[in-house]
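Inspection log for the structure reproduced underneath, given as structure tokens.
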Amino acid sequence: MNNKERVKNWRKIFQEKNPEGYLKWKKESREKFCFGKSKEKLSALFGKKCNICGITKKELEIHHKDGSGASKKANEKNNDLSNLQILCRKCHRQEDARRIQEERKGMWSLHYANCVVCKKTDSKYISFGLCNKCYQKTRRKYKTEYWNKHYKKSKNN
């Protein structure tokens, strides 16, 4: 039995015998792995409250100001204390949404420079690389095809 299998067996036994202790251990080890001692230092510096709204009742999360959070690998994250802040879930989502909006400024969409059909950028981006006008045309076309395929045949029979 190799070391990986031993650890797997140990975790399984620990989880069965002490499920609450296992969950606590898992959460603590994740926080230490992801942030080192940063979460404890942040709590000591700022207290256990959201840095934006000041709420203390909700579960708090760590926010990377430069956006190097969940989307990055562990070795690419900037876990320096000056880059981290404690936020509640609502404020964390709002901060991430604001950062994404700033990154997208001047772009028609996240992945497309213009509409893939008409090549224009004056109409609002909707989905699948299509502007609103082209999306509606495509949608009508497929709705008509679907209707003809599934419903017109059954009426004729």
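For the reader, a short list of remarks on this structure follows.
- Cβ charges +1 (Lys, Arg) and -1 (Asp, Glu), total dipole of the chain, debye: 960
- Over the chain, the ratio between the Cα radius of gyration and 2.2 N^0.38 Å evaluates to 1.67.
- Two-site label geometry, I52 and K120: point separation in nm, points 7 Å out along Cα→Cβ: 3.6
- Relative contact order of the chain: 13 percent, from C-alpha pairs under 8 Å at least 6 residues apart in sequence.
- In plain terms, if you count all Cα to Cα distances in the stretch 67-139 and split them into 5 Å steps from zero, the share in each step is 3, 14, 17, 15, 13, 11, 11, 9, 5, 1, 0 percent.
- For the stretch 108-157, the alpha carbon convex hull comes to 65 Å³ per residue, rounded to a whole number.
- Segment N78-K12, extension gain: residue separation times 0.36 nm, minus the distance between their alpha carbons: 20.5 nm
- Relative contact order, whole percent, for the stretch 108-157 stands at 23, derived from Cα pairs under 8 Å and 6 or more residues apart.
- Mean Cα-pair separation over length for the stretch 63-146, i.e. relative contact order, pairs under 8 Å, 6 or more apart, %: 16
- Over 28 Å apart at the Cα level, from the set K4/K90; K24/K49; K24/K90; K12/K48; K4/K27, are K4/K90; K12/K48.
- The Cα-based radius of gyration and maximum Cα-Cα distance (Dmax) for the stretch 80-121 are 15.5, 48 Å.
Any read-out appearing in this document is the output of simple, stated calculations on the displayed coordinates, not a laboratory observation. This is a predicted model, so every value here is computed, not measured. Note that each Cβ is placed from the backbone with ideal geometry, even for glycine, and that neighbours are counted across all protein chains shown.
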